[in-house]
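The values are calculated or read from the model by the stated rules, or taken from the named source; none is laboratory data. Since we're looking at a predicted model, the values are computed, not measured. Here Cβ is always computed from backbone atoms with ideal geometry, including for glycine, and neighbour counts include all displayed protein chains.
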Amino acid sequence: MEKGKQKKPIFKKWWFWLIIVIAVGAIGAAMGGNDTAANDTKNTEKVETKKVDSAKDEAKKKEKEKAAEDKKKEDSVPTEYKSALKKAEQYSSMMHMSKAGIYNQLTSDAGEKFSAEAGQYAVDNLKADYNANALAKAEEYQKTMSMAPDAIRDQLTSDAGEKFTASEADYAIQNLSK
């Protein structure tokens, strides 16, 4: 180098600016690529959210339709049938009766005097746990009458007794406290 010439600072050299432009371009491209990926992810999430919302809306719509259908069915049920069902619920929850016992009580001339159709509707639509009812009756017999398990089973299944099924009576006997 000659003595009179001063060395140019690095930022005044053309190749320095070329490197800067390339570096900025590369960084911009990298950032832009990430934005595209992020936007794709966001768009995918939006689509999936819309699908979930749509599914929820569809489920709510079906639920409303079912409720309307149930209401319509309930409105078409004769009052006698509804009354029989209410009585059946009381017999099951308070007296722990069997299905056959409830039907007989509902339709008996000495009982509630509902029609056979109303009684059948009631026992068909009653949500009752007859195993639990049989167990409650078995515990009552054991406690109040000090009956043996075989005698309790006979009483539970007897046509003159509680009229539980054999499987309901078996459940009750198996679950009696010893």
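Observations, loosely collected:
- When E65, E58, E117, E45 are checked against the criterion of being at pLDDT below 95, over 26 Å from the mean Cα position of the chain (by Cα) and among the acidic types (D, E), E45 stands alone in meeting it.
- Residue within the range 139-147 that is at pLDDT 95 or above, in a helix (DSSP H, G or I) and among the aliphatic types (A, V, I, L, M) present: no
- Scanning the range 106-126 for residues that are touching a Ser or Thr at 6+ places or on another chain (Cβ under 9 Å) and assigned to a loop (DSSP other than H, G, I, E, B) gives E112, K113, F114, S115, L126.
- Residue within the range 159-167 that is within 34 Å of the chain's Cα centre (by Cα) and outside any loop (DSSP other than H, G, I, E, B) present: yes
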